[in-house]
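Student: Please find one structure pasted underneath; my questions will follow.
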Amino acid sequence: MHSSNKTLIYMLLSLRKYLKNKFEKSLPSFMSYVIFLNIDKMTETFNWSFGQLKEVKGLAIDRKQLIIAAATKSFSLFGYKATTMDQVAKLANVGKGTIYTFFKNKEELFEEIVSTVIKEMKAAAEETKDDERSFYENAHQALYRILEFRKEHQLAIKLFQEKRELGTPEVLEVTKRVEQAIVDYIKEKIHVAIEKGEIKQCDPELTAFIMLKLYISLIFDWEQDRKPLDKDEIAELFELYLFKGLSN
């Protein structure tokens, strides 16, 4: 190999390693996939396979993350049912057998990705927290951000579409898991608010469930046949029905 090409390969892989260490955890998995895929495509212009690149001293490619990113893209584009391990292998540019060294089947790979999505969703909610605000205001901001995340995240969009149209059992189970994760997150906040005396004694899980369902109704169900409510309108209704009540 020409020395100049080898230098460029080292530079590209060093860039990839730097970006992975510094930004991967703070970026959505699909965005990470796009960034790393573009760098990997650049290396392919020098006719290096992934296997050859792994041989570069001290710069091993994390094949597991490539597989996860490729599977995330496939699930986001085609849904769970239509995604195959062959598709994932092709997108990740690895042999199908390589996938099975990390995941025993498609279900396990799917579970790994969903766990990441749930973590990203909780992180998005935590970003809205402000200790100077009341429980009601923080709950509103967190729930709104969680459901906004659900509306914007490509994988979440595809999975909820598949749930409605196909009722795929694995997807039904995952959407229940996502909903329970949201309920558990809000339940923890309710526990803290009760201990601080910010709200009355109540069943934290039941209250969290009601809060989530109210938000889903106001954000998703209401706008199916009506003009969508804006964020401030939702906040006012949330406060009215859950914290003030309708009595004069």
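The values are calculated or read from the model by the stated rules, or taken from the named source; none is laboratory data. Because the structure is predicted, anything quoted here is derived from the model rather than measured. Glycine also receives a Cβ, built like all others from the backbone with ideal geometry; neighbour counts cover every protein chain displayed. Ligands, DNA and RNA are stripped out before the accessible areas are found, and what is left, the full protein with its side chains, is counted by its heavy atoms. Shrake-Rupley method; radii C 1.70, N 1.55, O 1.52, S 1.80 Å.
Student: Could you please let me know if residue 180 is under 21 Å from the mean Cα position of the chain (by Cα) and of a type in the set (S, T, N, Q)? Spell out how you get there, then give the answer.
Tutor: Values: under 21 Å from the mean Cα position of the chain (by Cα): yes; of a type in the set (S, T, N, Q): yes.
Yes: the conditions hold for residue 180.
Student: Any idea which of 161, 154, 224 is surrounded by 13 or more Cβ atoms within 10 Å (Cβ to Cβ) and either of a type in the set (S, T, N, Q) or free of Cβ contacts under 8 Å to residues at least 24 places away in the same chain (or both)? Spell out how you get there, then give the answer.
Tutor: Values: 161 fails: surrounded by 13 or more Cβ atoms within 10 Å (Cβ to Cβ); 224 fails: surrounded by 13 or more Cβ atoms within 10 Å (Cβ to Cβ).
Matching residue, one of 161, 154, 224: 154.
Student: OK, next. Sort through 90, 119, 81 and tell me the only one that's touching a Ser or Thr at 6+ places or on another chain (Cβ under 8 Å), open to solvent by 70 Å² or more (accessible area, probe 1.4 Å) and in a helix (DSSP H, G or I). I'd like the intermediate steps shown before the answer.
Tutor: Values: 90 fails: touching a Ser or Thr at 6+ places or on another chain (Cβ under 8 Å); 119 fails: touching a Ser or Thr at 6+ places or on another chain (Cβ under 8 Å).
Residue meeting the stated conditions: 81.
Student: Identify, please: which residue in the range 170-199 is part of a helix (DSSP H, G or I) and of a type in the set (Asp, Glu) and is, among those, surrounded by the fewest Cβ atoms within 10 Å (Cβ to Cβ)?
Tutor: Within the range 170-199, the first condition is being part of a helix (DSSP H, G or I), and the residues that meet it are 170-196.
Imposing the further condition that a residue be of a type in the set (Asp, Glu) reduces the set to 170, 173, 179, 184, 188, 195.
Numbers: 170: 16, 173: 13, 179: 15, 184: 14, 188: 12, 195: 8.
Among those residues, the one meeting the criterion is 195.
Residues are listed down the side, and each one gets a yes or a no for (1) at pLDDT 90 or above; (2) of a type in the set (Asp, Glu); (3) closer than 26 Å to residue 237 by Cα:
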| site | (1), (2), (3) |
| --- | --- |
| 136 | no, no, yes |
| 142 | yes, no, yes |
| 148 | no, yes, yes |
| 151 | no, no, yes |
| 154 | no, no, no |
| 157 | no, no, yes |
| 160 | no, no, yes |
| 172 | yes, no, no |
| 181 | yes, no, yes |
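Student: Next up: Within the range 224-248, how many residues are modelled with pLDDT of 85 or more and under 21 Å from residue 157 (Cα atoms)?
Tutor: 7
Student: Residues of the range 122-151 being open to solvent by less than 40 Å² (accessible area, probe 1.4 Å) and without any contact (Cβ under 8 Å) to a residue 24 or more places away in the chain, which ones?
Tutor: Across the range 122-151, the qualifying residue is only 128.
Student: Still on this structure, I have one more. Name the pairs: first residue in the range 176-200 and within 17 Å of residue 242 (Cα to Cα), second residue of a type in the set (D, E, K, R) and not in a helix (DSSP H, G or I), Cβ to Cβ under 8 Å, at least 6 apart or on different chains?
Tutor: Sorted first by the residue in the range 176-200, then by its partner, the pairs are 194/200.
Student: How many residues, within the range 93-112, are in contact (Cβ under 8 Å) with a residue 40 or more places away in the chain, surrounded by 18 or more Cβ atoms within 10 Å (Cβ to Cβ) and not in a loop (DSSP other than H, G, I, E, B)?
Tutor: Qualifying residue count for the region: 2.
Student: Can you work out which of the residues in the range 214-245 that are within 16 Å of residue 136 (Cα to Cα) and charged (D, E, K, R) is nearest to the chain's Cα centre (by Cα)?
Tutor: We begin by selecting, within the range 214-245, every residue within 16 Å of residue 136 (Cα to Cα); these are 214-215, 231-245.
If we keep only those that are charged (D, E, K, R) as well, we get 231-233, 236, 239, 244.
Working: 231: 22, 232: 25, 233: 27, 236: 28, 239: 28, 244: 34 Å.
Residue satisfying both the conditions and the ranking: 231.
Student: While we're here: Which of the residues spanning the range 106-165 are among the acidic types (Asp, Glu) and either touching a Pro at 6+ places or on another chain (Cβ under 7 Å) or within 19 Å of residue 67 (Cα to Cα) (or both)?
Tutor: To start, the set of residues in the range 106-165 that are among the acidic types (Asp, Glu) comprises 107-108, 111-112, 120, 126-127, 130-132, 137, 148, 152, 162, 165.
Matches in the range 106-165: 107, 108, 111, 112, 120.
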